[in-house]
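Structure first, then comments.
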Ligand code: F6R
């Protein structure tokens with residue numbers, strides 16, 4: 001596991017983007033797993049900049065979104081599908097056919113998870129999986145106490161996660177309480193994982209991932225046993241590491 005501490009999130013994002021750009025240059029048909037949320041935005045901003053300057057061509061990549069709220073269609077501005085389309089995929093000019101996402105509006109979410117698992121198996125392994133981390137240590141929407149052996153599945157969100165994501169909704173009642181997520185087993189099957197965490201709210205979880213023991217109560221702690229993980233932090237997210 002490589003841990004890098006940057007002066008700010010922009011520098012962390014630019015570093016991660018360079019790794020992804022290098023991967024896509026070496027293998028234009030790369031499979032990239034994308035996380036939603038605030039953490040990866042500096043990476044996406046740097047990727048969009050590279051695309052606009054002609055340094056990045058994403059026309060052959062295949063993408064997999066990491067997770068989705070149950071009950072929100074891809075047209076809902078709060079859905080992760082909408083977020084990824086407007087924040088990244090449209091700007092990188094990625095064809096709709098190359099984008100894989102869980103449908104939050106699926107009539108049968110269990111079947112939707114099984115179908116996504118099949119797609120992952122057909123297109124995978126993922127070359128680079130980008131992750132953020134929840135302040136409770138979740139990766140994807142794999143909340144504390146999720147088995148490390150889990151595949152794509154439905155997850156009930158913890159109060160902490162609902163509270164953290166409330167900022168994107170009008171009220172806490174509007175935040176979906178159920179989600180579909182790529183499982184820890186799927187994440188660990190990726191060839192390379194880049195986790196980006198910035199801000200003091202992530203310091204506890206980051207310390208547990210790097211210095212704690214492997215513990216399902218901190219889902220991100222499994223990452224230590226992956227052969228190729230880079231953890232990119234700003235100083236605030238790294239602030240609890242000295243004590244470890
Ligand atoms: C998002 C996801 C989550 C977030 C995590 C951190 O697709 O799977 O694990 O990465 O909740 O969210 P932010 O980055 O908004 O702090």
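Every number in this text was worked out from the coordinates using simple rules, so none of it is lab data. Keep in mind the model is a prediction, meaning the values are calculated, not measured. Reconstructed Cβ throughout: ideal geometry from the backbone, glycine too, with neighbour counts over all protein chains shown.
Annotations for the structure displayed:
- The value of relative contact order for the chain, using C-alpha pairs under 8 Å at least six residues apart, is 24 percent.
- Equivalent ellipsoid semi-axes, the stretch 119-200, via Cα gyration tensor eigenvalues times 5, rooted, Å: 24, 15, 11
- Extension gain, residue 95 to residue 122: 0.36 nm times the residue separation minus the Cα-Cα distance gives 7.9 nm.
- Shape summary of the stretch 172-241, radius of gyration then Dmax from alpha carbon positions: 13.5, 40 Å.
- When peptides 99-106, 129-136 are ranked by their average number of other Cβ atoms within 10 Å per residue, the highest-first order is 129-136, 99-106.
- Here the Kirkwood formula puts the hydrodynamic radius of the chain at 17.8 Å, using every distinct Cα pair.
- Taken along its principal axes, the alpha carbon cloud of the stretch 86-126 reaches lengths of 31, 25, 14 Å, longest axis first.
- Over the chain: helical MRE at 222 nm, DSSP H runs n ≥ 4 each giving -39500 (n - 2.57), nearest 500: -8500 deg cm²/dmol
- Per residue Cα convex hull volume in Å³ - calculated over the stretch 31-99: 82
- Once the Cβ-Cβ distance of residue 5 and residue 201 is raised to the sixth power relative to R0 = 22 Å, the FRET efficiency obtained is 0.85.
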